[in-house]
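The structure's right below; bear with me while I get my questions together.
The values are calculated or read from the model by the stated rules, or taken from the named source; none is laboratory data. For clarity, every value in this text was computed on a predicted model and none was experimentally measured. Cβ sites come from the backbone with ideal geometry, for glycine too, and all protein chains shown count toward neighbours.
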């Protein structure tokens, strides 16, 4: 074998930061040592993995092609090293979740995971579907939990939980007493919705096919709780995951509205890079998720 695991690690860090000094800081190495390790790695195979423009580095086509395989190999080596040392600690897990999942499901799963694996570290990053997918694609996250349907040839998209959106209003809103809403009611209402790019908005837009361009959109907000507060203040009606509304419905601060002619059902999904090594920590996390 003509390469070392240290060279793989250096390559991966430089590929992540595309900057020698940042990679050196992360690896606790000198910049010259990082440059030397990367140069030796390339010279051993007579290849070039980065395009160099002064101090700037950018992964070239070959670098992008081997990066996922190098990452999978390095993570397997780390797992093997842990096994040989017979350590009980589980490696740090980097999880991304969309807002509804992050705020209402992932924290509870994280608590269970950390009780099962004493000393484990979990980093939870919450953003919208587009952002989480991008970070999984770039190996910045080990696994993503998303609400929106997503197509990407580099990612495995695995159905996880069934969910549905619910249209709702305040108990003092004129629509609160209606048995069900017609399309005319939907068109006459003022709406407060999640932003474009979110999984919730994607499902809502699909459900409102044929009416979407005619809806009266009063506000677009990025945060579920802000939308709930705005609806409680009678600024309009909205549509969010039932998961995010259970407590408010129980308290009576918000009221569900039936829209039988529209389909608001959807799935939550796991997303993983196709080249990602499925470590024991990722498998353990997914097992806990499936118990929800």
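Given the conditions (1) farther than 18 Å from residue 104 by Cβ; (2) under 21 Å from the mean Cα position of the chain (by Cα); (3) part of a helix (DSSP H, G or I), and given that residue 201 satisfies all but one, which numbered condition is not satisfied?
All conditions are met except number (1).
For the range 1-66, which fully contained helices (runs of 4 or more DSSP H) count at least 1 residues that are under 23 Å from residue 136 (Cβ atoms)? Step through it out loud before you land on a result.
On the way: elements: 5-17, 20-27, 31-45.
By residue number, 5-17, 20-27.
Separate question: Is it the case that the range 26-36 has a residue that's surrounded by fewer than 12 Cβ atoms within 10 Å (Cβ to Cβ) and either assigned by TED's automatic domain parsing to the domain that holds residue 140 or in contact (Cβ under 8 Å) with a residue 24 or more places away in the chain (or both)?
No, there is no match, as no residue in the range 26-36 is surrounded by fewer than 12 Cβ atoms within 10 Å (Cβ to Cβ) and either assigned by TED's automatic domain parsing to the domain that holds residue 140 or in contact (Cβ under 8 Å) with a residue 24 or more places away in the chain (or both).
Of the residues 158, 90, 166, only one is over 25 Å from residue 262 (Cβ atoms) and either in a strand (DSSP E or B) or modelled with pLDDT of 85 or more (or both); which? Break it down stepwise before answering.
Details: 90 fails: either in a strand (DSSP E or B) or modelled with pLDDT of 85 or more (or both); 166 fails: over 25 Å from residue 262 (Cβ atoms).
Sole residue among the options that is over 25 Å from residue 262 (Cβ atoms) and either in a strand (DSSP E or B) or modelled with pLDDT of 85 or more (or both): 158.
Out of the residues in the range 212-221 that are touching a helix residue (DSSP H, G or I) at 6+ places or on another chain (Cβ under 8 Å) and surrounded by fewer than 14 Cβ atoms within 10 Å (Cβ to Cβ), state the one that is farthest from residue 240 (Cα to Cα).
214
Select from the range 189-201 the residues that are closer than 15 Å to residue 238 by Cβ, surrounded by fewer than 21 Cβ atoms within 10 Å (Cβ to Cβ) and touching a helix residue (DSSP H, G or I) at 6+ places or on another chain (Cβ under 8 Å) and list them in ascending order.
Within the range 189-201, just 195 meets the criteria.
Checking residue 141 against (1) within 12 Å of the chain's Cα centre (by Cα); (2) outside any loop (DSSP other than H, G, I, E, B), only one condition comes out false. Which one?
All conditions are met except number (2).
I'd like the full set of residues that are in contact (Cβ under 8 Å) with a residue 60 or more places away in the chain and either in the same structural domain as residue 221 (by TED's automatic domain parsing) or surrounded by 24 or more Cβ atoms within 10 Å (Cβ to Cβ) (or both), limited to the range 130-142.
Within the range 130-142, 132, 133, 136, 142 meet the criteria.
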